[in-house]
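The values are calculated or read from the model by the stated rules, or taken from the named source; none is laboratory data. Every value quoted in this text rests on a predicted model; they were computed, and no experiment measured them. Heads up, the Cβs are rebuilt from the backbone with ideal geometry, glycines too, and the neighbour counts pull from every protein chain shown.
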Amino acid sequence: MSKEHHYKATISWTGNKGTGTSNYRDYERSHTIQIENKTLIEGSSDPAFRGDKTRHNPEDLFLSSLSSCHMLWYLHFCSEEGITVTHYTDEATGTMTETADGSGHFTSVILHPTVMIEEESMIEKAKELHHKAGQFCFIARSVNFPVQHIPTVLIK
């Protein structure tokens, strides 16, 4: 039996400088992302597309979604397997290819998680669980390219 989960976000453009989109250079790409009961996110486009470098852009958020989804599944599976994780960071990288017509798409994402665990005897199992997390991550299962993992596991 499958279950459905529904999500809602309100995206509001805040970049009208008085003349709307009358010219490509006459408006900001600034916007807000509001999700009920959560902190407001200030967004923009990537600076390569006239965006504000101090705001989150969709590409950053996409990469972050893949990384955090993987991490949450990984921590879940470690807890089930008796692996105590005491620290987790990921230096995720992604490549988006822009096409001749101006559109584009992500072609690769590589997660580089560094995980600290308590027991040396669990290192191999801790590394293996990244594969399982990748198979269960909702976001990774929704993209049309493989998400790679290059994990490092350290002992506390």
Query raised in the report: Does GLY82 satisfy the criteria of being more than 22 Å from VAL143 (Cα to Cα), outside the structural domain of ASN144 (by TED's automatic domain parsing) and small (Gly, Ala, Ser)?
Result: no
Report task. State whether one or more residues within region 77-90 are exposed (fewer than 12 other Cβ atoms within 10 Å of the Cβ) and touching a Lys or Arg at 6+ places or on another chain (Cβ under 7 Å). Result -> yes
Report task. Starting from residues that are in a loop (DSSP other than H, G, I, E, B) and acidic (Asp, Glu), keep the ones in region 26-46 and report whichever is surrounded by the fewest Cβ atoms within 10 Å (Cβ to Cβ). Result -> GLU36
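The rows are residues; the columns are (1) out of contact with any strand residue (DSSP E or B) (no Cβ under 9 Å at 6 or more places or on another chain); (2) closer than 26 Å to TYR7 by Cβ.
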site	(1), (2)
GLY51	no, yes
TRP73	yes, yes
ILE83	no, no
GLU91	no, no
GLY102	yes, no
VAL109	no, yes
GLU119	no, no
PHE138	yes, yes
THR152	no, no
Report summary line: Counted residues in region 78-100 being over 16 Å from HIS149 (Cα atoms) and assigned to a strand (DSSP E or B) come to 6
Requested in this report: For region 81-100, name all the residues that are at pLDDT below 95 and of a type in the set (D, E, K, R).
Outcome: GLU98
Report task. Answer with yes or no whether ASN37 is within 23 Å of PHE138 (Cα to Cα), of a type outside the set (Ser, Thr, Tyr) and outside the structural domain of VAL143 (by TED's automatic domain parsing). Result -> yes
Query raised in the report: Mind checking whether some residue in region 55-71 is surrounded by 14 or more Cβ atoms within 10 Å (Cβ to Cβ) and either β-branched (Val, Ile, Thr) or in a loop (DSSP other than H, G, I, E, B) (or both)?
Result: yes
Query raised in the report: When LEU111 is evaluated against the numbered criteria (1) within 11 Å of CYS78 (Cβ to Cβ); (2) surrounded by 15 or more Cβ atoms within 10 Å (Cβ to Cβ); (3) not hydroxyl-bearing (Ser, Thr, Tyr), which criterion, by number, is the only one it fails?
Result: (1)
Requested in this report: Go over the candidates THR86, THR39, THR107 one by one and state the one that is in contact (Cβ under 8 Å) with a residue 40 or more places away in the chain and hydroxyl-bearing (Ser, Thr, Tyr).
Outcome: THR86
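This table checks each residue for (1) of a type outside the set (Asp, Glu); (2) in a strand (DSSP E or B); (3) modelled with pLDDT of 95 or more.
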site: GLU4; (1), (2), (3): no, no, no
site: TYR7; (1), (2), (3): yes, no, no
site: ALA48; (1), (2), (3): yes, no, no
site: HIS76; (1), (2), (3): yes, no, yes
site: GLY102; (1), (2), (3): yes, no, no
site: VAL109; (1), (2), (3): yes, yes, yes
site: MET116; (1), (2), (3): yes, yes, yes
